[in-house]
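Notes follow once the structure below has been shown.
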Amino acid sequence: MNLNHSSAPGASGGREPLLPALMTATAVSGLIDAVSYLGLGHVFTANMTGNVVIIGFAAAGVPGFSVLGSLVSLAAFLLGAGAAGRLATVMGHRTSPSRLRCILLLETVLLATATTVAFVASHAVHALIALIALAMGLRNGTVRKLAVPDVTTTVLTLTLTGLASDSTPAGGTNPRAGRRLASVLAMLAGAFGGAVLVQQTGLGWPLLASTFGTAAAVLAVPRGRSAG
């Protein structure tokens, strides 16, 4: 089964069975970037656009930003995305829900490992960045191939653009407006919760929350032939 073909129900306006899992993952992304940006030296581990910009800031000598941290994040993310592409080929015979479930399980393991590191060696900043960015790369590479419209789980620029450019005032018909707004709110909620936890508890507990959040996304992936 082709992975892109499996997203056709969502693309045609029908019910998208992967949506609950992907929305949960979107909230986790907000939490993850709160952890990395606020607790790991102003580095993004889910939003790579931010890292490219940060590298530019750091290269210009702006204080408070790390070229090394952002480069570690980019490298680990790209490694994860590449691995996701390879896994998609290897698991080509499996349904889309099955593939997503497998990747989210791998993400859960990586985040659990990062959580352990945060509790026992929180000074290992680059190890934490690498583990988290690797997990996000794996997920992003998979979600990209799923191609569920308006749900990337980590980047909202195109989602917000769609909300505005396809709105009624702009002469559009508001396609998937609820899904787009839900993505924005999920990311916002995750970022808010992550920021509160980082400020009050440090890195371990918000990373534990992200691990449980990803595990919840695994459980939200539908089972059965009808799902995929």
**OP:** Output the number of the condition that ALA227 fails; it satisfies all remaining conditions of (1) under 18 Å from VAL143 (Cβ atoms); (2) at pLDDT 95 or above; (3) out of contact with any Asp or Glu (no Cβ under 9 Å at 6 or more places or on another chain).
**Re:** (2)
Original post:
Do any residues in the range 74-88 that are more than 24 Å from GLY56 (Cα to Cα) and buried (at least 20 other Cβ atoms within 10 Å of the Cβ) have Cβ atoms under 9 Å from those of residues that are at pLDDT 95 or above and basic (Lys, Arg), where the two are at least six apart or on different chains, and which pairs are they?
Top reply: ALA84/ARG139
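So which residues in the range 7-24 are part of a helix (DSSP H, G or I), at pLDDT 50 or above and under 19 Å from ASN174 (Cβ atoms)?
Initial filter on the range 7-24 (part of a helix (DSSP H, G or I)): 7-11, 19-24.
Restricting the remaining residues to those that are at pLDDT 50 or above gives 19-24.
Within the range 7-24, LEU19, MET23 meet the criteria.
Working carefully through the options VAL117, VAL155, find the one that is at pLDDT 90 or above and not small (Gly, Ala, Ser). Before you say what the answer is, go through the steps one by one.
Values: VAL155 fails: at pLDDT 90 or above.
The conditions single out VAL117.
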Original post:
among the small types (Gly, Ala, Ser), over 22 Å from ALA121 (Cα atoms), in contact (Cβ under 8 Å) with a residue 24 or more places away in the chain and surrounded by 15 or more Cβ atoms within 10 Å (Cβ to Cβ): does that describe SER70?
Top reply: no
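The values are calculated or read from the model by the stated rules, or taken from the named source; none is laboratory data. Worth saying up front: this structure is predicted, and the values here are computed from it rather than measured. Glycine gets a Cβ as well: all are built from the backbone with ideal geometry, and neighbour counts include every protein chain shown.
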